[in-house]
Amino acid sequence: MLELKNISFGVEDEDGAKEIIRDISLTIPDNKMIVVTGPNGGGKSTLARIIAGIEKPTSGKIYFNGEDITDKSITERARMGIGFAFQQPVKFKGIRVIDLIRLAKGSELSVSDACEYLSEVGLCAREYIDREVNNSLSGGELKRIEIATILAKASRLSIFDEPEAGIDLWSFQNLIQVFEGMRENINNSSIMIISHQERILNIADEIVVIRGGKLAAQGSRDEILPTLLNTDSAVNGYCFKQQGKAAKAAAAAN
Amino acid sequence: MGEQLKVDEIQKRLLAEVADLHEVPVGAFNIRSNGESIGRVSTANIDITSKEGVSGIDVRIKPGTKNQSVHIPVVMTVSGLTEIVYNDFYIGEDCDVTIVAGCGIDNCGPKDSEHDGIHRFYVGKGAKVKYVEKHYGSGDGKGKRILNPGTEVYMEEDSFMEMEMVQIKGVDDTNRTNTAELAAGAKLVVRERLMTHGEQNAVSIYDVKLNGEGSSADVVSRSVARGNSFQKFDAKIVGNAPCNGHTECDSIIMDNGRILAVPGLAANNVDAELFHEAAIGKIAGDQLIKLMTLGLTEQEAEEQIVNGFLK
């Protein structure tokens, strides 16, 4: 279980001080999938980075399974069981997909076990396992490998920052299945997904809305989802569906 | 290996580092230790003979020799030794062979140890050669470990040569000069991997002349400079015919490391197509952060990134 208590985060730039997160208190209970949504620039990604330890809050406290982790480093938090999937996956020259999955797992891992994780995210394992995690991979491929590393890490809390960003429509279908699978096997862990996609919101146990750096709403899916209709998130979801239909039509035509 | 070749533990370790040799090599070999040959085997197709007048060997490989290898490692364990060695390789037409060179210096003494190996390759028509050269230094004496290798490559029509040059650790001073001349249809591939640390200094100079129609060269260096070390990568490709050339220097700098990349292209024919790329920078912050979110410390993350980069 993760608890954020009165978290604020600000930066200083040439226009003076700017508050990005304003006094957010939030609990992510065990055995739940929480989807965090809200307009772009509202502070969702910053909040995720604060939880992973990449950014330090200006004020407030973070507790993970009852322990104060506010001053813990990225590494310490990772070892305590926090996993974080980047919105834009990082590339490495010379580090292969299997190397990254092994590092994520933190122990020796056979090639066939590593392949399992790739298959789960819809990549033909044999074709990818020895590839370098570099520019030769497409954005969608990198994204799926990023998600595979989080599956391999098997954290108590897994955070995904816009997993749908940069992924093609066909992969998206598969992604939903990955999250459904994670939800089914949640076993004392919790999942936090930052997303605009209605189909991801649809599989959430709880939805959190962050707007203008503040916690705008939090509640069960059935409670929150209807209120999001006619908002940016819903519009994004609608556009996405339309694109999906167009792509399917184009594929059928070919 | 110990019994047959009379090498001590340090020499054994150096041989393992530079030539992956843990036993007496299969095929032809010449092992040079502290200025003299301590083991040599020629085969039916590969003849190794000593040069007269100067230090070094001639290696003659019969035309059509396939899937055979030559190992010619050099080890030095005596402080204060300086040597210049000339090794010439005559590779017959249509051969397909691997040549493994390399030099390991262990210097625990106060004086500098230096090995300057000049390798000349005459690659016959249609022949295919893989050349591997590794450098390694160890020992904590004040004396420097100095290696100044030189390669000269002469490639006949439609020949192919791949050169893998590796220097990862322990060599204080290196000045490497590589030249190549390619006839029509010949192809040269160079993969250099270099890491310098401490106060080390490493200079790599390449001068590749693409003289024949359809010849090509691909010279790629990946390097890491840490500590107060300095590297210079000076790669020049000259296109004298319709040809393809590419050079690339991709480097990571750490601590106070410094790198000077000087890519050079000269096109003397309107159908010469030449490219160069050079990128130098420190390890990207997001690479470190990604590996730290997987549970690695910053130092472990750095090691993984550098090891991968130089693999």
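Computed from the coordinates by the stated procedures, all read-outs in this text should not be read as laboratory data. Since the model is a prediction, treat every value here as computed from it, not as a measurement. Neighbour counts run over all protein chains shown; Cβ positions are idealised from the backbone, glycine included.
Summary of computed values
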quantity	calculated
At 1.002 mPa s and 20 °C, Stokes D of segment B:11-160 from Kirkwood alpha-carbon radius, µm² per second	137 µm²/s
Residue order, fewest to most beta carbons within 10 Å, for B:THR247, A:THR37	B:THR247, A:THR37
Computed label-point distance, nm, for sites B:ARG40 and B:GLU277 using a 7 Å Cα→Cβ extension	4.4 nm
Proximal lysines to A:LYS93, defined as alpha-carbon separation beneath 27 angstrom and excluding residues fewer than eight positions away on the same chain	A:LYS105, A:LYS143, A:LYS153, B:LYS130, B:LYS134, B:LYS169, B:LYS187, B:LYS232, B:LYS236, B:LYS282, B:LYS290, B:LYS311
Kyte-Doolittle mean at least -0.5, axial Cα span of 30 Å or more - DSSP H helices of chain A	A:232-253
Pairwise FRET efficiency - B:ASP8 versus B:SER55, Cβ, R0 = 25 Å, nearest 0.05	0.65
Sequence of B:GLU9, A:GLU206 once ranked by neighbouring C-beta atoms within 10 Å, starting from the fewest	B:GLU9, A:GLU206
Chain A: relative contact order as a whole-number percent, Cα under 8 Å and 6+ apart	26 percent
Taking N as its residue count, the alpha carbon Rg of segment A:71-187 over 2.2 N^0.38 Å	1.00
Charge context of B:THR43, other residues only, Cβ under 12 angstrom, K/R +1, D/E -1	+2
Segment B:64-128 versus segment A:41-112: alpha-carbon centroid distance in Å	47 Å
Average other protein chain Cβ within 10 Å of Cβ, residues A:43-53	1
Efficiency of FRET from Cβ geometry, B:GLU152 and B:ALA284, R₀ 45 Å, rounded to 0.05	0.75
Sequence-separation-based contact order of segment B:1-167, relative, with Cα cut under 8 Å and 6+ spacing, percent	20 percent
Backbone N under 18 Å from the B:VAL189 label point (7 Å along Cα→Cβ), restricted to segment B:55-86	B:67-68
Peptide A:65-78 - average C-beta neighbours from other chains (10 Å radius)	3
Net length gained if the chain between B:ALA267 and B:ALA16 were fully extended (0.36 nm per residue, minus Cα distance)	86.1 nm
At most 14 other Cβ within 10 Å, DSSP loop - GluC sites (Glu not before Pro), segment B:49-132	B:GLU52
Residue order, fewest to most surrounding Cβ atoms within 10 angstrom, among A:CYS115, B:CYS249, A:CYS124	A:CYS124, A:CYS115, B:CYS249
Largest-first principal axis extents, alpha carbons of the protein assembly as shown, Å	92, 61, 49
Mean separation of Cα contacts under 8 Å, 6 or more apart, over the residue count of chain B: relative contact order %	10 percent
Test item: A:184-191 mean partner chain Cβ contacts at 10 Å	0
Pairwise FRET efficiency - A:SER110 versus B:LYS66, Cβ, R0 = 41 Å, nearest 0.05	0.70
Label point at B:LYS125 placed 7 Å out along Cα→Cβ; residues across segment B:43-75 whose backbone nitrogen lies under 15 Å	B:63-64
Chain A - share of DSSP beta bridges that are antiparallel (%, nearest 5)	60 percent
Cα shape, chain B, gyration tensor, a/c 1.5 rule	oblate
Spacing of the two label points (7 Å from each Cα toward its C-beta) at A:ASP71 and A:ILE176, in nm	4.7 nm
Cβ-placed point charges (K, R +1; D, E -1), dipole of chain A about Cα centre in debye, nearest 20	240 debye
Packing rank of A:212-221, B:285-294, where each peptide gets the mean count of other beta carbons within 10 Å, highest leading	B:285-294, A:212-221
For the protein assembly as shown, size of Cβ-based charge dipole, Lys and Arg +1, Asp and Glu -1, in debye	740 debye
